[in-house]
Amino acid sequence: MSDPAGEAKLEVKQASKEAKESENVAEKYSAMTVSKNSEMNMGELASVFSAVPTHKPVKKQIQFVEEKQEFSRFPTKAGRRSLSRSISQSSTDSYSSDSSDDETSPRDKTQVNSKGGSDFCVKNIKQAEFGRREVEIAEQDMSALISLRKRAQTEKPLAGAKIVGCTHITAQTAVLIETLAALGAQCRWTACNIYSTQNEVAAALAERGVPVFAWKGESEDDFWWCIDRCVNTEGWQPNMILDDGGDLTHWVYKKYPNVFKKIRGIVEESVTGVHRLYQLSKAGKLCVPAMNVNDSVTKQKFDNLYCCRESILDGLKRTTDVMFGGKQVVVCGYGEVGKGCSAALKALGAVVYVTEIDPICALQACMDGFRVVKLNEVIRHVDVIITCTGNKNVVTRDQLDRMKNGSMVCNMGHSNTEIDVASLRTPELTWERVRSQVDHIIWPDGKRVILLAEGRLLNLSCSTMPTFVLSITATTQALALIELYNAPEGRYKQDVYLLPKKMDEYVASLHLATFDAHLTELTDEQAKYLGLNKNGPFKPNYYRY
């Protein structure tokens with residue numbers, strides 16, 4: 001018979017010996033400090049791990065502690081808020097939004113750059129070095145725009161141009177601004193969205209001497225103050241406008257009509273801004289030529305479609321951490337932005353509905369496998385609503401009242417008019433900020449609806465956008481400015497024009513090298529047969545890509 005007591009003593013002795021060996025290994029390993037200029041000898045490394053015992057592990061019983069002693073099953077309200085704030089700091093907030101606890105408005109600060117200049121207003125000029133690295137990273141994926149800069153900077157096609165710009169201020173926009181400066185232009189810049197500015201990038205531009213007036217989290221009053229500071233400055237008067245949304249154009253037209261009459265050209269890149277330009281033209285009040293970049297092929301197909309197809313998911317995931325497989329989603333509008341959003345969400349397994357006013361777009365949605373509905377037909381059971389129309393009051397207060405608990409609503413259009421957010425700011429509803437750009441709107445019965453970015457543009461307010469696609473748009477904008485500024489008198493009248501097809505093709509050709517793509521060339525006989533120039537343009541203006 002075996003002796004249980006003897007076996008127990010033997011196991012204790014063996015465990016004691018193993019523990020002592022482990023301590024010796026730890027001491028030996030910790031003694032080997034490796035300096036930055038030396039590497040551990042492979043023999044030394046082998047000797048350490050050869051000393052590790054290869055005995056059979058001792059079985060231990062896992063001890064479970066009662067749940068109430070370890071954690072509260074339902075965390076307190078304060079605990080939930082603390083958790084979501086810690087998550088948001090790592091998943092959604094940028095360096096610019098959490099790098100400083102200073103809540104002082106930039107308008108109340110006196111800042112100077114390293115050269116003593118103070119003609120700017122940004123969150124913190126000390127972030128310039130970090131912002132410069134962001135710009136340098138963006139340049140790596142904007143080779144076409146950099147190529148245009150190198151080709152044209154000796155000719156200075158924008159010498160004498162004084163460009164006032166109102167766009168999203170991101171690292172990619174900074175590459176565009178510095179390209180325009182390299183081509184001879186003087187630039188003053190502000191933001192077209194109160195949430196999309198990258199503070200560190202604005203600081204980097206200010207450090208380089210660009211008068212920039214923007215910071216993330218501006219108030220409405222700050223927004224218009226920044227625009228005015230760009231336009232109204234002593235000894236400088238703009239002669240070109242680059243706009244995104246039409247706010248800058250509207251401000252100059254209303255506040256400074258004499259300046260507006262002397263503008264040589266306007267370049268507009270958004271649906272909303274183009275719509276406002278056509279309204280001015282129709283009313284006979286547009287006294288300068290304008291270029292509609294939004295409807296150029298390189299903007300519509302690449303920025304609107306392919307960019308939104310990726311950035312919609314980036315914005316939604318960063319802010320909500322929601323799994324979209326099986327979720328019921330309504331995409332309002334099936335233009336290029338709506339097409340991109342719908343395709344992305346369908347690929348994740350979401351059940352996607354589409355609302356449309358245009359029968360052609362509606363038929364496209366049907367052929368792409370989406371059910372076209374009226375919003376009121378599905379409002380009570382959908383999980384997510386995404387607006388992409390450029391219109392106003394697409395989602396009304398009555399519809400928001402009927403949405404189910406936990407549903408989400410956001411906007412991918414330029415303007416914040418698509419969701420009736422103003423109607424939610426009433427005494428009976430409670431707003432709870434749960435993380436950056438995420439609000440819970442709480443009804444009296446406890447129902448919560450999640451509102452992202454306060455109804456403003458989701459992808460640029462809550463995430464970032466693919467640099468390569470923005471290179472296409474920025475190159476298009478730069479060429480449109482060059483064309484309008486250098487056009488002989490009489491080529492463009494006081495109206496809204498599309499970018500010439502030849503320029504669209506040139507922008508596309510500049511970006512093909514990234515993919516090592518090689519175009520086939522027409523023979524003389526083929527060109528004659530088609531009635532085309534061998535060098536393009538290859539499609540008539542009415543062609544739909």
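Couple of notes before you dig in:
- For the range 104-152, the calculated P(r) over all alpha carbon pairs, in 10 Å bins from 0 to the bin holding the longest distance, is 22, 34, 29, 15, 1 percent.
- Averaged over its residues, the range 349-406 has an accessible area of 54 Å² per residue, based on protein heavy atoms and a 1.4 Å probe.
- Heavy-atom accessible area ranking, 1.4 Å probe, most first, across 380, 402: 380, 402
- Karplus-derived 3J(HN,Hα), 6.51/-1.76/1.60, for each residue of the range 521-533, Hz, glycine and proline x: 9, 5, 7, 4, 5, 5, 5, 5, 4, 8, x, 10, 7
- Surface accessible to a 1.4 Å probe, residue 276 within the full protein complex, Å²: 70
- Largest to smallest accessible area among 236, 189, 224 [probe 1.4 Å]: 224, 236, 189
- The eigenvalues of the Cα gyration tensor, multiplied by 5 and square-rooted, give the range 411-536 an equivalent ellipsoid with semi-axes of 48, 20, 13 Å from largest to smallest.
- Extent along principal axes [Cα atoms of the range 199-335; Å; largest to smallest]: 57, 39, 27
- 27 Å Cα-Cα threshold exceeded, pairs from 392/502; 282/392; 254/339; 216/339: 392/502; 254/339; 216/339
- Ordered from largest to smallest accessible area (heavy atoms of protein chains, 1.4 Å probe), the residues 213, 468, 515 come out as 515, 468, 213.
- Residue-span extension gain [residue 486 to residue 233] - 0.36 nm each, minus C-alpha spacing: 88.6 nm
- Applying D = kT/(6 pi eta Rh) to the range 416-476, where Rh is the Kirkwood radius over alpha-carbon pairs, T corresponds to 20 °C and eta to 1.002 mPa s, the Stokes-Einstein value obtained is 159 µm²/s.
- Taking the centroid of alpha carbons for each part, the range 383-436 and the range 454-483 are 24 Å apart.
- Taking each of 299/447; 262/301; 115/156 in turn, the alpha-carbon distance tops 31 angstrom for 299/447; 262/301.
- Distance cut-off 20 Å, percentage of C-alpha pairs in the range 304-372 lying past it: 22
- Surface accessible to a 1.4 Å probe, residue 134 within the full protein complex, Å²: 60
- Amide H contacts of residue 498 (H built 1.01 Å from N, under 5 Å, at least 5 apart or other chain): 292
- All alpha carbon pair distances within the range 251-315 were sorted into 10 Å bins beginning at 0; the resulting P(r) in whole percents reads 20, 41, 23, 15, 1.
- For the range 367-471, the spread of Cα positions along each principal axis, largest first, Å: 47, 35, 22
- For the range 242-331, accessible area per residue (1.4 Å probe, heavy atoms of protein chains only), Å²: 40
- Solution diffusion estimate, µm²/s, Stokes-Einstein, the range 93-244, Kirkwood Rh from C-alpha pairs, 20 °C, viscosity 1.002 mPa s: 138
- The simple Förster model, with R0 at 25 Å and r as the Cβ-Cβ distance, assigns residue 443 and residue 372 a FRET efficiency of 0.25.
The values are calculated or read from the model by the stated rules, or taken from the named source; none is laboratory data. This one's a predicted model, so the numbers in the text were calculated from it and none came from an experiment. For neighbour counting, all protein chains shown are included, and Cβ atoms are generated from backbone atoms with ideal geometry for every residue, glycine included. Just so you know, the surface numbers come from the protein's heavy atoms only, side chains and all, with ligands and any DNA or RNA stripped out. Shrake-Rupley method; radii C 1.70, N 1.55, O 1.52, S 1.80 Å.
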